[in-house]
2 protein chains.
Amino acid sequence: MDIKTLDRGNLTPAESRQIFRAERYKGVTAGWSLGYAQCNMVILPKDLAFDFMVFCQRNKKACPVLAVTEPGNPEPADLAKGADVRVDLPRYKVYKKGELIDEPNNIEKYWRDDLVTFLLGCSFSFEEALLRAGVPVRHIDINKSCPVYETSIECERAGIFEGPVVVSMRPIPAELVPKAVTITSRYPYVHGAPLHIGDPEAIGIKDFYHPEWGDPPNMKEGDVPVYWHCGVTPQAVVMRAKPDFVITHYPSHMFITDKLNESLSIL
Amino acid sequence: MDIKTLDRGNLTPAESRQIFRAERYKGVTAGWSLGYAQCNMVILPKDLAFDFMVFCQRNKKACPVLAVTEPGNPEPADLAKGADVRVDLPRYKVYKKGELIDEPNNIEKYWRDDLVTFLLGCSFSFEEALLRAGVPVRHIDINKSCPVYETSIECERAGIFEGPVVVSMRPIPAELVPKAVTITSRYPYVHGAPLHIGDPEAIGIKDFYHPEWGDPPNMKEGDVPVYWHCGVTPQAVVMRAKPDFVITHYPSHMFITDKLNESLSIL
């Protein structure tokens, strides 16, 4: 089996995870096991896990928790029986006291009995729903990343965790904006309905054409900018808190679950 | 001001809470501050709070967490600025090692610096939406409580917390069942869409006409039984776990928030 000619989109989630586990592929997970939900990941010591979970509850549109593991247990059984978060993602980031110390392809040597894993919903899930409904997703059209901005809106603080709400922006043709709102509102566990539509300054975005993360916006004539809560929010908040120890997924190198995106809708 | 002639439904939530705080009224909260969300409450020591929160995440349709306070802080500021969970409910239940030790009208003497308060969404919120849409709610028509049943479905366990899913049942005219499903699906933070429609045996209900909690069903000709996840689930699970210390609201004596029911919808 040659990884390059593999039909990645049609692999089951378990097959994809197995390939990452064997370190036969170490790249981004976009396009793998299409239709299945991918997750952002934050791993924290148990003594910080409660405060982080309260932070996620208070900011649930930005930080939709899809699963939490017991301390030391690397299997998020609710989302993927038999999976192992230590080896099933293609790449990780490991931080000590706020400093990046490693970007490994597995985290077995860093594992501890007190580590709690949080898996968080991701906008990939609602982008699939938009595309299926005929709403274009401009950054996917040109094979780029979504522009992501810091706003002037503060998250609700919990313990040491605080920071600004971070949003992703998708240019939507004006006549499709109501449809984009309605569709994404059905997915409250993957950020839900947009936070804002239109003027970037109204939410404190400093430079629309130079986002803090991702690629510059690909606006077409007649497009309106639409902003959703973004999974970068919890990552940015954790980095700012500089906990003694934290592991996250490497950006775009996500955990692939056994849950269909559609199973995360309200219906 | 005479409590008996008071227009309870039109009081602001802060006014209602003030009356309970002054212990001028000690009864059920149904009918007070209409339109505003009322919450179930569980107060636990911090050392159990993380496991309980994970339990709620894993069983989020039964246990929708609307707010969690910092240990020792009695103000659930996200839901009601200035409120105090120690005095703002009409009545409480206090348990030690699983045994009921008191049913007081305030819990000031039981308060501790390590207590964490969970406020959980309640079906009152979606019942209002059903009524506004012309879907009858049969137990309200006859001024009784909703029948509530234990099912044979197990919750996802977390730490010491485990037990069966508990459901509430509302008889719905057959032609209105799709409408009842659609409306409640818009309220994922107050139990959301039904768990089951029809045959009670399919979900392990033992005796349809003798529910474990609440009053017997008020079925009319042409009604179909519709079952929703119920806020009794977390209460029953906590009781079963027999923690060293726990305080809950007294049944039907709820915490009234400053949030409109409609603000808990996805739209």
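The values are calculated or read from the model by the stated rules, or taken from the named source; none is laboratory data. Keep in mind that this is a model prediction, so the values were computed, not measured. So basically every Cβ, Gly included, is an ideal-geometry build from the backbone, and we count neighbours across all protein chains shown. All accessible areas refer to the heavy atoms of the entire protein, side chains included, with ligands and DNA or RNA removed. Shrake-Rupley method; radii C 1.70, N 1.55, O 1.52, S 1.80 Å.
Pairs needed: first member in segment A:73-87, under 18 Å from A:Ile19 (Cβ atoms) and β-branched (Val, Ile, Thr); second member anywhere, part of a loop (DSSP other than H, G, I, E, B) and open to solvent by less than 60 Å² (accessible area, probe 1.4 Å); C-beta distance under 6 Å; at least 6 residues apart or different chains.
Sorted first by the residue in segment A:73-87, then by its partner, the pairs are A:Val85/A:Pro74; A:Val87/A:Asn106.
For a quick check of your reading of the model, give me the residue pairs whose first member lies in segment B:89-103 and is closer than 11 Å to B:Val246 by Cβ and among the hydrophobic types (A, V, I, L, M, F, W, C), whose second is at pLDDT below 95 and surrounded by 11 or more Cβ atoms within 10 Å (Cβ to Cβ), with beta-carbon atoms closer than 6 Å and at least 6 apart or on different chains.
none
Look at B:Pro104 and say whether it is open to solvent by 10 Å² or more (accessible area, probe 1.4 Å) and assigned to a loop (DSSP other than H, G, I, E, B). It would help to see each step written out before you state the result.
Numbers: open to solvent by 10 Å² or more (accessible area, probe 1.4 Å): yes; assigned to a loop (DSSP other than H, G, I, E, B): yes.
Criteria met by B:Pro104.
Kindly indicate whether A:Ile183 is in contact with a Ser or Thr (Cβ under 7 Å, 6 or more places away or on another chain), within 14 Å of another protein chain (Cβ to nearest Cβ), among the β-branched types (Val, Ile, Thr) and over 30 Å from A:Leu100 (Cα atoms).
Working: in contact with a Ser or Thr (Cβ under 7 Å, 6 or more places away or on another chain): no; within 14 Å of another protein chain (Cβ to nearest Cβ): yes; among the β-branched types (Val, Ile, Thr): yes; over 30 Å from A:Leu100 (Cα atoms): yes.
Criteria not met by A:Ile183.
Given the criteria in a loop (DSSP other than H, G, I, E, B), of a type in the set (A, V, I, L, M) and over 16 Å from the mean Cα position of the chain (by Cα), does A:Val135 qualify?
Numbers: in a loop (DSSP other than H, G, I, E, B): yes; of a type in the set (A, V, I, L, M): yes; over 16 Å from the mean Cα position of the chain (by Cα): yes.
Yes: the conditions hold for A:Val135.
Return the only residue of B:Asp113, B:Asp141 being more than 26 Å from B:Asp51 (Cα to Cα), more than 18 Å from the chain's Cα centre (by Cα), surrounded by fewer than 21 Cβ atoms within 10 Å (Cβ to Cβ) and acidic (Asp, Glu). Walk me through it before giving the result.
On the way: B:Asp113 fails: more than 26 Å from B:Asp51 (Cα to Cα).
Result of the check over B:Asp113, B:Asp141: B:Asp141.
Checking the condition within 20 Å of B:Glu212 (Cα to Cα), small (Gly, Ala, Ser) and at pLDDT below 95, which residue from B:Ser145, B:Ser125, B:Ser152 passes? Spell out the reasoning first.
Working: B:Ser125 fails: within 20 Å of B:Glu212 (Cα to Cα); B:Ser152 fails: at pLDDT below 95.
After applying the criteria, what remains is B:Ser145.
Under 7 Å by Cβ, and 6 or more places apart or on different chains, what pairs join a residue from segment A:163-188 that is assigned to a strand (DSSP E or B) with one that is of a type in the set (Asp, Glu)?
Taking only residues 6 or more apart or on different chains, the pairs are A:Pro164/A:Glu150; A:Pro164/A:Glu154; A:Val166/A:Glu150; A:Pro171/A:Asp223; A:Ile172/A:Asp223; A:Pro173/A:Asp223.
Scanning for something of a type in the set (D, E, K, R), away from every other protein chain (no Cβ under 14 Å) and surrounded by fewer than 22 Cβ atoms within 10 Å (Cβ to Cβ), does segment A:156-163 turn up at least one residue?
no
Could you go through segment A:108-129 and let me know if any residue there is aliphatic (A, V, I, L, M) and within 15 Å of A:Arg186 (Cβ to Cβ). Working first, answer last.
Restricting attention to segment A:108-129, the residues satisfying the condition of being aliphatic (A, V, I, L, M) are A:115-116, A:119-120, A:129.
Of the ones still in play, those that are also within 15 Å of A:Arg186 (Cβ to Cβ) are A:129.
Within segment A:108-129 (the criterion being aliphatic (A, V, I, L, M) and within 15 Å of A:Arg186 (Cβ to Cβ)), the answer is yes, since at least one residue qualifies.
Can you pull out every residue in segment A:168-180 that is open to solvent by less than 20 Å² (accessible area, probe 1.4 Å) and within 14 Å of chain B (Cβ to nearest Cβ)?
If the condition is that a residue be open to solvent by less than 20 Å² (accessible area, probe 1.4 Å) and within 14 Å of chain B (Cβ to nearest Cβ), then A:Ala180 is the only one that fits.
Are any of the residues in segment B:207-215 of a type outside the set (Lys, Arg), more than 14 Å from chain A (Cβ to nearest Cβ) and in a helix (DSSP H, G or I)?
Keep residues of segment B:207-215 that are of a type outside the set (Lys, Arg), which gives B:207-215.
Next, only the ones that are more than 14 Å from chain A (Cβ to nearest Cβ) stay: B:207-215.
Of the ones still in play, those that are also in a helix (DSSP H, G or I) are none.
No.
Would you mention how many residues in segment A:94-131 are closer than 10 Å to A:Ile43 by Cβ and of a type in the set (Lys, Arg)?
Qualifying residue count for the region: 1.
Quick check on A:Ala14: is it within 14 Å of chain B (Cβ to nearest Cβ) and either open to solvent by 60 Å² or more (accessible area, probe 1.4 Å) or in contact (Cβ under 8 Å) with a residue 40 or more places away in the chain (or both)?
Numbers: within 14 Å of chain B (Cβ to nearest Cβ): no; either open to solvent by 60 Å² or more (accessible area, probe 1.4 Å) or in contact (Cβ under 8 Å) with a residue 40 or more places away in the chain (or both): yes.
Criteria not met by A:Ala14.
In segment A:237-251, how many residues are part of a loop (DSSP other than H, G, I, E, B) and open to solvent by 50 Å² or more (accessible area, probe 1.4 Å)? Talk me through it step by step, then tell me what you get.
Step one: of segment A:237-251, the residues part of a loop (DSSP other than H, G, I, E, B) are A:242-244, A:250-251.
Those left that are additionally open to solvent by 50 Å² or more (accessible area, probe 1.4 Å): A:242, A:244, A:250-251.
So the answer is 4.
Give segment A:50-93 a look and list any residue that's among the basic types (Lys, Arg) and within 26 Å of B:Pro45 (Cα to Cα), or say none. Working first, answer last.
From segment A:50-93, those among the basic types (Lys, Arg) are A:58, A:60-61, A:81, A:86, A:91, A:93; that's our starting set.
Residues satisfying the conditions are A:Arg58, A:Lys60.
Out of (1) on the phi > 0 side of the Ramachandran plot; (2) open to solvent by 20 Å² or more (accessible area, probe 1.4 Å), the odd one out for B:Glu201 is which?
Single failed check for B:Glu201: (1).
Looking at segment B:23-41, I want the residues that are under 13 Å from B:Ser263 (Cβ atoms) and have a partner that is modelled with pLDDT of 95 or more and basic (Lys, Arg) with Cβ atoms under 6 Å, at least 6 apart or on another chain. Which pairs are those?
The qualifying pairs are B:Ala37/B:Lys259.
Do you know which of the residues in segment A:216-267 that are on the phi > 0 side of the Ramachandran plot and touching a residue at least 60 places away in the same chain (Cβ under 8 Å) is nearest to the other protein chains (Cβ to nearest Cβ)?
So the first thing to find is which residues in segment A:216-267 are on the phi > 0 side of the Ramachandran plot, and the list is A:222, A:242, A:252.
Right, trim to touching a residue at least 60 places away in the same chain (Cβ under 8 Å) and you get A:242, A:252.
Values: A:Lys242: 20, A:Ser252: 25 Å.
The residue in question is A:Lys242.
Taking the stated definitions as given, is A:Val135 more than 21 Å from A:Tyr25 (Cα to Cα), away from chain B (no Cβ under 14 Å), open to solvent by less than 30 Å² (accessible area, probe 1.4 Å) and β-branched (Val, Ile, Thr)?
Criteria met by A:Val135.
Pick from B:Arg112, B:Arg132: which is over 19 Å from B:Met239 (Cα atoms) and modelled with pLDDT under 95?
Details: B:Arg112 fails: modelled with pLDDT under 95.
Only one candidate qualifies: B:Arg132.
Using the structure shown, decide if A:Phe118 is within 14 Å of chain B (Cβ to nearest Cβ), open to solvent by less than 10 Å² (accessible area, probe 1.4 Å), at pLDDT 95 or above and in a helix (DSSP H, G or I). Spell out how you get there, then give the answer.
Numbers: within 14 Å of chain B (Cβ to nearest Cβ): yes; open to solvent by less than 10 Å² (accessible area, probe 1.4 Å): yes; at pLDDT 95 or above: yes; in a helix (DSSP H, G or I): no.
For A:Phe118, the condition - within 14 Å of chain B (Cβ to nearest Cβ), open to solvent by less than 10 Å² (accessible area, probe 1.4 Å), at pLDDT 95 or above and in a helix (DSSP H, G or I) - is not met.
Being small (Gly, Ala, Ser) and touching a Leu at 6+ places or on another chain (Cβ under 6 Å) narrows it down to one of B:Ser125, B:Ser145, B:Ser168, B:Ser152, so name that one. Break it down into steps so the answer makes sense when it comes.
On the way: B:Ser145 fails: touching a Leu at 6+ places or on another chain (Cβ under 6 Å); B:Ser168 fails: touching a Leu at 6+ places or on another chain (Cβ under 6 Å); B:Ser152 fails: touching a Leu at 6+ places or on another chain (Cβ under 6 Å).
Every option except B:Ser125 fails the conditions.
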